[in-house]
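Accompanying notes for the structure given below.
The values are calculated or read from the model by the stated rules, or taken from the named source; none is laboratory data. Predicted model, so just to flag it, every value in this text is computed and none were measured. In this analysis, Cβ positions are derived from the backbone assuming ideal geometry, glycine residues included, and neighbour counts consider all displayed protein chains. Keep in mind that these areas ignore ligands, DNA and RNA; they rest on the heavy atoms of the full protein, side chains included. Shrake-Rupley method; radii C 1.70, N 1.55, O 1.52, S 1.80 Å.
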Amino acid sequence: MALPIKPNGKIKYLQCIRCGETYPVDDYFEGCPKCRDEGNPANLTFVYAEYGKECPLPYDSYFSLGEGNTPLLTVFDEFPSFYLKYEGRNPSGSHKDRMSAMIVTRAAEKGYEGVAVATSGNAGLSLASYCAYFGLKCAVIATKDLNPQVRRFLEAFGAEIHLTDTPMERWEILKRKKEEGFYPGSNYSNPPVGTVHFGVQGYKAVAYEIVGQLKGTVPAKVLVPASRGDLLWGIWLGFKEMKQADPSLALPAMIACEPFARLSRVLAGEDYTRSFPGETALKSIDGTTVTYQAVKALRESNGFAIEISNEEAEAARKELAKRGILLELSSAASYGAYKKLRKNGAIGEKEVVVAIGTSSGFVEI
């Protein structure tokens, strides 16, 4: 589908989020070259000439299926200051659509024949959908335990599917697909840097929407299910940009909800480039690695990471379902974290808190 692609004319340059080195706008799929060569991989971000009330994105005109502007829901009478940002209302059912809009636009602009992604499910569904709509090929690389329903959707979208024995094998195939002419729609480096900076930019809009929906109020805390932290970092970037436009604006503490200790261990002093083994049923936030961007979001915001077990996530999902909101198990971790933090006193009764419900649970049925 031919649509006009218009880059944002107010982009100044890219900047490494770790060392501060600046680069011209381009695709640096392995992050900052300087930090990569030093063995400390870190992602890049866009720097714009000015910031205002509207969320700046790499493109003023881009491919879209109507993602964004998702509802901010009050759910429980007993928790009147708790809000759920329901990303399951995006076109393919998850927050990944915000990323896909930017990535598919960039791939088309640069003349790639398609997009390839290593995924546990949601990113693959999203990119396959966007690629199908806008006429690009899509290669989806997942492990052999991929949800059968997700696979049926991918086949319906016409995606090329590769199944591997181990998660790390996905990254090897993704790197090969890049060499074959596919734009990589997810991380393939180890240690990882996260998704390419074009994609992460799409997540900033979540922060702008939250403040708009709360009529100017910034939540005290934002709870985000996290693995390599694309969404966590993207939301934090959005809040930081709003503060650049209005220095009087408060900033929230970002809280990463993880299934086993990874980010919490890094915050306690361990090296972010190492591996952190663990087992979980929360497949969308599974994985043994973290990224610098996730660590930076927590440190800069005076936030922290909290572990949520399979049982805690399942209890949270069931409680939300009884109120008419069906979340993926991994997504329900954010509400599970809220309950846990209220119980131990880390969240006050009147604190305004937003939990990100990253994806619908309908694909898990």
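Can you name every residue in the range 218-229 that is open to solvent by 20 Å² or more (accessible area, probe 1.4 Å) and touching a helix residue (DSSP H, G or I) at 6+ places or on another chain (Cβ under 7 Å)? Walk me through it before giving the result.
So the first thing to find is which residues in the range 218-229 are open to solvent by 20 Å² or more (accessible area, probe 1.4 Å), and the list is 218, 220-221, 228.
Once the filter is applied, which keeps residues that are open to solvent by 20 Å² or more (accessible area, probe 1.4 Å) and touching a helix residue (DSSP H, G or I) at 6+ places or on another chain (Cβ under 7 Å), the range 218-229 yields Val218, Arg228.
Among the helices (runs of 4 or more DSSP H) confined wholly to the range 81-169, which include 2 or more residues that are crowded, with 21+ Cβ neighbours inside 10 Å and acidic (Asp, Glu)? I'd like the intermediate steps shown before the answer.
Working: elements: 96-109, 122-134, 148-156.
Per the criteria, no element qualifies.
Go through the range 1-45 and give me each residue that's aliphatic (A, V, I, L, M), touching a residue at least 40 places away in the same chain (Cβ under 8 Å) and open to solvent by less than 80 Å² (accessible area, probe 1.4 Å). If you could, list the steps in order and put the result at the bottom.
Going through the range 1-45, the residues aliphatic (A, V, I, L, M) turn out to be 1-3, 5, 11, 14, 17, 25, 42, 44.
Imposing the further condition that a residue be touching a residue at least 40 places away in the same chain (Cβ under 8 Å) reduces the set to 1, 3, 5, 11, 14, 17, 42, 44.
If the condition is that a residue be aliphatic (A, V, I, L, M), touching a residue at least 40 places away in the same chain (Cβ under 8 Å) and open to solvent by less than 80 Å² (accessible area, probe 1.4 Å), then Leu3, Ile5, Ile11, Leu14, Ile17, Ala42, Leu44 are the ones that fit.
Given the criterion touching a strand residue (DSSP E or B) at 6+ places or on another chain (Cβ under 8 Å) and hydrophobic (A, V, I, L, M, F, W, C), identify the matching residue among Val211, Val222, Val218. Steps first, please.
Working: Val211 fails: touching a strand residue (DSSP E or B) at 6+ places or on another chain (Cβ under 8 Å); Val218 fails: touching a strand residue (DSSP E or B) at 6+ places or on another chain (Cβ under 8 Å).
None of the other options fit; the residue is Val222.
What do you reckon, is Ala256 part of a strand (DSSP E or B) and closer than 25 Å to Glu30 by Cα? If you could, list the steps in order and put the result at the bottom.
Details: part of a strand (DSSP E or B): yes; closer than 25 Å to Glu30 by Cα: yes.
Criteria met by Ala256.
Starting from residues that are open to solvent by 50 Å² or more (accessible area, probe 1.4 Å) and acidic (Asp, Glu), keep the ones in the range 51-80 and report whichever is farthest from Lys339 (Cα to Cα).
Here the residue is Asp60.
Taking Tyr48 as meeting all but one of (1) farther than 18 Å from Thr358 by Cα; (2) touching a residue at least 40 places away in the same chain (Cβ under 8 Å); (3) open to solvent by 10 Å² or more (accessible area, probe 1.4 Å), write down the number of the exception.
(3)
For the range 206-217, give me the residue count where each residue is surrounded by fewer than 22 Cβ atoms within 10 Å (Cβ to Cβ) and touching an Asp or Glu at 6+ places or on another chain (Cβ under 9 Å).
Residues in the range 206-217 being surrounded by fewer than 22 Cβ atoms within 10 Å (Cβ to Cβ) and touching an Asp or Glu at 6+ places or on another chain (Cβ under 9 Å): 1 in total.
Among the residues in the range 72-80, are any under 14 Å from Val200 (Cα atoms) and free of Cβ contacts under 8 Å to residues at least 60 places away in the same chain?
no
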